[in-house]
Amino acid sequence: IAEWVRLYNAEDFQNVMSVFYAQNAIVMPPNAPARRTEEAILGMYQTDAELNIEHVDTSVVEDVRVSGNTAVAWGMDTGTTTPRSGGAPVPYSLKWLMVFERQSDGAWKCLYEIWNDNNIIADRP
């Protein structure tokens, strides 16, 4: 996760793809279709970066469970989004869930990823 944060903050999305994600990874961003190919995931990162400067301040892994060659982790990120068109940085807080798969070389890579905001909506029960 620390390496993902470093690469993400540097906008080094090619290395995010090669270092962090498994070959058949699926990324499920909030309120958007699932990204099912490397090109679609990379395109998501690049499109977001064209519109905003994203910066992850913290990424905290809350729990990891491992079973054989599969691991599930969940955690929380905080950071800021600054529109490239101008404006002040907007803080965010989100929670994420990832499934990792051990690769033949022993590395763990993300196979499935999903996240959403931690914002609390007052009118929800």
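Overview of values
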item	result
In the range 41-56, the residues that are aliphatic (A, V, I, L, M), surrounded by 14 or more Cβ atoms within 10 Å (Cβ to Cβ) and in a helix (DSSP H, G or I)	ILE41, LEU42, MET44, ALA49
Residue count, the range 11-40 (criterion: touching a helix residue (DSSP H, G or I) at 6+ places or on another chain (Cβ under 7 Å) and in a loop (DSSP other than H, G, I, E, B))	2
Given (1) β-branched (Val, Ile, Thr); (2) touching a Leu at 6+ places or on another chain (Cβ under 6 Å); (3) over 22 Å from ALA40 (Cα atoms), number of the condition VAL99 does not satisfy	(3)
Checking ALA71 against (1) out of contact with any Asp or Glu (no Cβ under 7 Å at 6 or more places or on another chain); (2) open to solvent by 30 Å² or more (accessible area, probe 1.4 Å); (3) not in a helix (DSSP H, G or I), the condition it does not meet	(2)
Answer from SER85, SER104 - the residue that is assigned to a loop (DSSP other than H, G, I, E, B) and within 23 Å of GLN23 (Cα to Cα)	SER104
Conditions (1) surrounded by 11 or more Cβ atoms within 10 Å (Cβ to Cβ); (2) assigned to a strand (DSSP E or B); (3) out of contact with any Cys (no Cβ under 7 Å at 6 or more places or on another chain); number of the one not met by ARG65	(1)
Residue list for the range 107-125, filter: in contact with a Leu (Cβ under 9 Å, 6 or more places away or on another chain), open to solvent by less than 50 Å² (accessible area, probe 1.4 Å) and outside any loop (DSSP other than H, G, I, E, B)	GLU113
So ILE1, is it open to solvent by 40 Å² or more (accessible area, probe 1.4 Å), among the aliphatic types (A, V, I, L, M), in contact with a Ser or Thr (Cβ under 7 Å, 6 or more places away or on another chain) and under 16 Å from TYR112 (Cα atoms)	yes
Boolean, TYR92 is touching a residue at least 24 places away in the same chain (Cβ under 8 Å), hydroxyl-bearing (Ser, Thr, Tyr) and open to solvent by 60 Å² or more (accessible area, probe 1.4 Å)	no
Residues of the range 4-40 satisfying the condition of being of a type in the set (D, E, K, R), open to solvent by 70 Å² or more (accessible area, probe 1.4 Å) and more than 20 Å from THR82 (Cα to Cα)	ARG36, GLU38, GLU39
Verdict on ASP77 being open to solvent by less than 60 Å² (accessible area, probe 1.4 Å), part of a strand (DSSP E or B) and either among the charged types (D, E, K, R) or touching a helix residue (DSSP H, G or I) at 6+ places or on another chain (Cβ under 6 Å) (or both)	yes
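The values are calculated or read from the model by the stated rules, or taken from the named source; none is laboratory data. The shown structure was predicted, so the numbers you read here are calculated from the model rather than taken from an experiment. No Cβ is skipped: glycine too gets one built from the backbone with ideal geometry, and neighbour counts run over all protein chains shown. Please note that ligands, DNA and RNA were not included when accessible areas were found on the heavy atoms of the full protein model with its side chains. Shrake-Rupley method; radii C 1.70, N 1.55, O 1.52, S 1.80 Å.
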